[in-house]
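Structure first, then comments.
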C-alpha cells in the first residue's frame with residue numbers, strides 16, 4: 001500500500017449493494033473496514049467485517065451467548081432485558097450495556 005489513512009472515514013452509499021462494493025474494495029486495498037447495517041442485507045462474504053461478525057469472532061462471545069440464554073429464563077415480564085441488552089467490543093473486551 002502506497003498510502004495510509006491515519007483516521008476513520010465514514011463511507012456511505014445509496015443502496016446496500018453499493019456499500020458492500022465499497023467495503024469489499026476498501027478491504028481489498030488493505031484498509032480496516034467495519035460494515036454496519038441490517039444482517040439480512042449485508043453480503044455474506046463481508047460477514048467478518050460487520051459488527052456482529054466481530055462480536056461472533058470475539059474470544060468472549062461465548063459469555064454473551066450464555067448470558068442471553070440465562071436472561072431468557074427470567075419471568076416473562078422481565079424477558080425484555082434480552083432485547084435491551086446491547087453489546088460492544090471495546091479494546092478487546094465485550095461490554096454489555098442496558099438501554
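Where a number appears in this text, it was derived from the coordinates with a stated rule and is not lab data. Note that the structure is a prediction, hence the values are computed from the model and not measured. Heads up, the Cβs are rebuilt from the backbone with ideal geometry, glycines too, and the neighbour counts pull from every protein chain shown.
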Q: Sort 48, 66 so that the residue with the fewest other Cβ atoms within 10 Å of its own Cβ comes first and the one with the most comes last.
A: 66, 48
Q: Could you calculate the FRET efficiency of residue 12 with residue 61 from 1/(1 + (r/R0)^6), where r is the beta carbon distance between them and R0 is 35 Å, rounded to 0.05?
A: 0.80
Q. Which ordering of 42, 9, 55 is given by a fewest-first count of other beta-carbon atoms within 10 Å?
A. 9, 55, 42
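How would you rank 62, 35, going from fewest to most other Cβ atoms within 10 Å of each one's own Cβ?
Arranged by neighbour count, lowest to highest, 62, 35 become 62, 35.
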Q. Does the stretch 16-55 come out rounded, prolate or oblate, given a ≥ b ≥ c as the square roots of the eigenvalues of its C-alpha gyration tensor, rounded meaning a/c under 1.5 and, failing that, prolate meaning a/b above b/c?
A. oblate
